[in-house]
Amino acid sequence: MNSNGELTYEQKVARLDEILTRLDNSETPIDKLAEDVKEGAKLIKDLDMKLKQVETEVMNAFKELDGA
């Protein structure tokens, strides 16, 4: 976890992998299926937002280098 108690990017990827493996192997009990799907969807959204944020930061860093 990071300093604000949130899972790191790598931890979110690992959690998503766990969920997808369970779903793929039909190991998720039917009572937990909707919960796992919702958690997986949230993780995908969070991971996508983080990637876009990092991409923007990297692009800005390169732009600063070009301008220097």
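Over all alpha-carbon pairs of the chain, lay out the pair-distance distribution in 10 Å bins, whole %, shortest bin first.
19, 36, 25, 13, 6, 1
Can you list the lysines whose alpha carbon sits under 23 Å from that of Lys32, skipping same-chain ones fewer than 8 residues off?
Output for Lys32: Lys12, Lys42, Lys45.
Since every read-out is calculated from the coordinates, none of them should be taken as a lab result. Just so it is clear, the model here is predicted, and its values are computed rather than measured.
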